[in-house]
Amino acid sequence: MRRSLLSLAAALVLAQPAAAQETKVAIGLSGWTGFAPLTLAKEAGIYKKNGLDVSLRKIPQKDRHLAIASGDVQCAATTVETWIVWNANGVPTTQIFQMDKSYGADGMAVRNSVQRIAELKGKTVAASSPGTAPYFTLAWFLKKNGLSVKDVTVVNLEPGPAAQAFVAGQNDAAMTYEPYLSTVRAAPQSGKIIATTLDYPMIMDTFGCTPKFLAENPKAAKALADSYFEAVDMIAKEPARSFAIMGADVKQSAEQFEASQKYLRWQDRAANKAFFAGEHARFSKEAADLLLEVGIIRQIPDLSKLADTRFIQ
C-alpha cells in the first residue's frame, strides 16, 4: 500500500511541472519612462502570476534589433516606426500591443537664442543614430519645418548623454526624452525645449515579439499583454507604490517619476483596440514614407503584417 501511494505521489509530481512551468521570455527595452509598466509587472509579481518568467534587459535602441536577431531576446519595446526599420532590414518582428503615447515626453532642446526650428539649418544637433526614435523625431520635426536631416550636423549621442551634454553647453540642439528631458527643464539657463510631442504627436510605443515566439507561445503572448494591462491598472489603483517601483529602475524618487510620467499616456486595453483599428496603419504609412525619404530604409516592408491584434482581445 505504501509503495502504491509513493508511486501515485511520484506520478503527481511528474505531472505538475508541465502545467505549472513558467514560460521564459527575455525583453529588450530602455529606461524610457513609457516602458516602466514592464518593470512594474516584473517587480510586482504580475508576470509570475500569469505564468511568465520574464527577464528585462536594458539594450540601447540602436542595438535592440541585433539582440532579437541573435535570439538573446524574444520580445522588445520600441516606437512604432522602429518596427518598420527592423522589418525592412531583415529582422522580422510583430507588434502585439501598444504601450504609450508621448504627450510632451519627447522633445528638442535648443539654445535660448533660437526662436524657430528652421533656424537650426547648419547647426549641430545631438541625437541617437539613424533607426532610433530620437533620430526619427529629429527628421519629423525638421520636415514639418521645411528642413531635412541633411540640413544639420547630427552628433550621435543617446538620450541621457545628449541631455547632459546640452546642459553642459555642448551642441546647438539635442533630441531626448523623459526622464532625461527633465534635465533640460531643470536648467533653463542652458536652453529651452522648443518643441515636443505635444506640438508634433508622433511618438507611440508598442511591444512586439518575433513571429517564431508568437507561433510557439501564443498563451505566453496573451499573458504578456494581460500583464501589461494589469500593470497599468495597478498604477491607477496604487500610484504611490507603483511610482516608487518604476522610479527606482531609472534612479528617480517616486515624486520625480510621477512628474516625468505626466508627459505621456499609458494605453489600456480599450485604447489599444481603438489604436489598432486605424491609427496604427495610418501612422505607419506616413512614417514609412519618411524613413524611405531620409534613407533609413531602402524599401517599405509589408505594413499589413507588422501587427497581430489577437492578444489584446
* Could you give the alpha-carbon Rg of the chain over 2.2 N^0.38 Å, rounded to two decimals? -> 1.09
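How long is the gain from S55 to K24 if the chain were fully straight, where each residue apart is worth 0.36 nm and the alpha carbon distance is subtracted?
Result for the pair: 10.4 nm of gain on full extension.
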* Structure fact -> For the pair Q299 and N112, the simple spin-label estimate (label points 7 Å beyond Cα toward Cβ) gives in nm 5.2 nm
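I want to verify the translational diffusion coefficient of region 164-313 in µm²/s; compute it with Stokes-Einstein, Rh as the Kirkwood radius over Cα pairs, at 37 °C and 0.692 mPa s. Before the final figure, lay out each step's value.
Details: Rh = 18.4 Å.
Answer from the Stokes-Einstein relation: 179 µm²/s.
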* How far, in nm, would the chain grow between D63 and K251 when pulled straight, counting 0.36 nm per residue and subtracting the alpha carbon separation? -> 65.4 nm
* In whole Å, what is the distance between the alpha-carbon centres of region 253-313 and region 206-229? -> 16 Å
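Using Cβ counts within 10 Å as a stand-in for footprinting exposure, how do H280, H65 rank, fewest first? Display every interim value, and only then the final one.
Values: H280 21, H65 24.
Exposure proxy ranking, most exposed first: H280, H65.
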* Asked: Lys/Arg Cβ at +1, Asp/Glu Cβ at -1, dipole of the chain taken about the Cα centre: which of Q256, A187, G169 is farthest positive-ward?
  -> Q256
* Asked: In terms of modelled amide H atoms, which long-range or inter-chain residues lie less than 5 Å from the amide H of K123?
  -> T153
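Determine the sum of side-chain charges near L292: Lys and Arg each +1, Asp and Glu each -1, restricted to other residues whose C-beta is under 12 angstrom from that of L292.
Details: positive: K285, R298; negative: E81, E286, D289, E293.
Combined, the nearby Lys, Arg, Asp and Glu give -2.
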* When we measure straight from the Cα of K143, which lysines land under 17 angstrom away, once same-chain ones fewer than 8 places off are left out? -> K121, K123, K285
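Classify region 216-273 as rounded, prolate or oblate, taking a ≥ b ≥ c as the square roots of the eigenvalues of its Cα gyration tensor: rounded when a/c is under 1.5, otherwise prolate if a/b is larger than b/c and oblate if not. All intermediate terms of the calculation are to be shown ahead of the outcome.
Details: a/c = 2.50, a/b = 1.86, b/c = 1.34.
Judged from the Cα gyration tensor, region 216-273 comes out prolate (a/c at least 1.5, a/b above b/c).
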* To do: Pop out the ³J(HN,Hα) list for region 34-42 in order, Karplus 6.51 cos²θ - 1.76 cosθ + 1.60 with θ = phi - 60°, rounded to Hz; leave Gly and Pro as x.
  => x, 8, 4, x, 5, 5, 4, 4, 6
* To do: Any chance you could tell me what percent of the C-alpha pair distances in region 106-196 go past 22 Å?
  => 12 percent
* **Selected from P159, P92, P239 as most flexible by GNM, with the chain as the system and alpha-carbon contacts under 10 Å** => P239
* Which residue fluctuates the most in the chain, going by a Gaussian network model with Cα springs under 10 Å, if the choices are A77, A126, A244? -> A244
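State the volume of the convex hull built on the alpha-carbon positions of region 236-313, expressed per residue in Å³ and rounded to an integer. Display every interim value, and only then the final one.
Numbers: hull volume 11.6 nm³, N = 78.
Taking only Cα atoms, region 236-313 has a hull volume of 148 Å³ per residue.
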* Suppose every K and R has +1 on its Cβ and every D and E has -1 on its Cβ; what is the size of the dipole of the chain about the Cα centre, in Debye to the nearest 20? -> 380 debye
* To do: Could you tally the net charge around P92, taking each other residue with its Cβ under 10 Å from the Cβ of P92, Lys/Arg +1 and Asp/Glu -1?
  => +2
* region 35-75 - convex hull of alpha carbons, volume per residue in Å³ -> 67 Å³
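Each value in this text was obtained by applying a stated rule to the coordinates, not by laboratory testing. What you see is a predicted model; the values in this text were computed from it and never measured. Positions of Cβ are generated from backbone atoms using ideal geometry, with glycine treated the same way; all protein chains shown enter the neighbour counts.
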